[in-house]
Each structure stands twice: as C-alpha cells, then as structure tokens.
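The values are calculated or read from the model by the stated rules, or taken from the named source; none is laboratory data. Keep in mind that what you see is a predicted model, and the values were worked out from it rather than measured. Here the Cβ positions follow ideal geometry from the backbone for every residue, glycine too, while neighbour counts run over all protein chains shown. Ligands, DNA and RNA are stripped out before the accessible areas are found, and what is left, the full protein with its side chains, is counted by its heavy atoms. Shrake-Rupley method; radii C 1.70, N 1.55, O 1.52, S 1.80 Å.
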Amino acid sequence: MAKKVAVIMGSDSDLPVVKAAVEKLKHFGIPTEVHVMSAHRTPDAAAAFSKQAASAGFGVIIAAAGKAAHLGGVLAAHTTLPVIGIPIRSSELDGLDALLSTVQMPPGIPVATVGINGAANAAILAAQMLALSDPALADKLAEMKADMAAGVAKKDAAIQEMVNSL
Ligand code: RP5
C-alpha cells in the first residue's frame, strides 16, 4: 500500500505557506494527512503522533513551524521516519530564527530542512523519498523535471528573440 505523508504545522497561521506543500502532494497523488500540532503548545500530542506514524502507514513527515521552530526536531526525536522541516517566516526575524532552529539539529536526529517558506520543495523532497520504492511516482517526478526544462528552454528562446530584435 502507498505510504502516506503527514504534514504537521505548528499553528493554523502557517497554513497559507503550507498549502503549497499539500497542493503539490495531492498533484502527485500522494495520500496526505494535515494536522496542527505544536512542539511547545501540544508537546504530548506531537510526540504521540510521531511515535505511531510509521505503524500508521506514513513514509515521511513534513514539519512546518515558525519562530523558535522545534517541531521538526521533536517529531524526529520520536521516529525513524525521515522528517522534512519547513522554516516558516512568521516573526520579526523574517524566518531566520525558524531556519536555524530547524536545521541545526544535533548529531543523530536529522531534520532535512528546506528554505524559508519552501513548502513546495518539501513536498517534492517527500515525493522523491517515497519514489525510491514507487516507480510510478518516480515517473511523475521525471515528468515534472522535463516540464521544468521545457519551460526554461521556452524562456531562453523568447530571450534570444528579444535580444536579436534590439
Ligand atoms: C509557531 O509560532 C507556529 O508554527 C507559527 O509559525 C508561530 C506563530 O503561531 P501563532 O501565534 O500564529 O499560533 O509555533
């Protein structure tokens, strides 16, 4: 059975950013669950979710949080599933606080951290992890890369045309 992805965010105020990850996962046809859980406000719920995630059929956990963003680390502490962190820009420090809190994990408990507000990349990385054992998903990712390359080639052709007309 296809593995699910859990998208956990520290607050519903993170949703406008996190939505891009959910949309991308749905685009790939990956079964996805989305929850609000906080490392600080609901630490027991976050730990309990992470502990049962593997047996509940999840293959990857995405954790999105802002400010002193410990959610990815707390979830990673309680599972051997890969955890991808999205640092959210929700503070006076423009997300640098969340980036460092998410990425600077001690040895033994990695959180694969994407850029600040990098929700789409988190979803693509999760898809790439699941694609290791899902050839159909790997095909969809290859198709996405081919579409991107075609898009760049089209832009390059337009630039050539514009430059030649100068
Ligand atoms: C973090 O604090 C959340 O992930 C959010 O980015 C930030 C602010 O949360 P709210 O006060 O908007 O609920 O834990």
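Tabulated results
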{"item": "With every protein chain in place, the range 4-133: carbon and sulfur % of accessible area (1.4 Å)", "result": "58"}
{"item": "Listed residues GLU23, GLU92, GLU33, most fluctuating in the chain (Gaussian network, C-alpha, under 10 Å)", "result": "GLU92"}
{"item": "More than 26 Å apart - percent of Cα-Cα pairs taken over the chain", "result": "31"}
{"item": "Residue among VAL152, VAL17, VAL111 with the largest mean-square fluctuation in a Gaussian network model of the chain, springs linking Cα atoms under 10 Å", "result": "VAL152"}
{"item": "Solvent-accessible surface (1.4 angstrom probe) belonging to ASP94, in square angstrom, nearest 10", "result": "100"}
{"item": "The range 4-133 - accessible surface per residue (Å², probe 1.4 Å)", "result": "46"}
{"item": "Value at 222 nm in deg cm²/dmol, rounded to 500, when DSSP H runs of n ≥ 4 in the chain each add -39,500 (n - 2.57)", "result": "-16000 deg cm²/dmol"}
{"item": "Solvent exposure, largest accessible area first (probe 1.4 Å, DNA, RNA and ligands not counted), of MET148, MET9", "result": "MET148, MET9"}
{"item": "Kyte-Doolittle at least -0.5, axis length at least 24 Å by Cα - qualifying DSSP helices, the chain", "result": "135-164"}
{"item": "Environment charge at ARG89 (Cβ cut-off 12 Å; Lys +1, Arg +1, Asp -1, Glu -1)", "result": "-3"}
{"item": "Where labels lie 7 Å past Cα in the beta-carbon direction, separation of ARG89 and ALA142 in nm", "result": "3.6"}
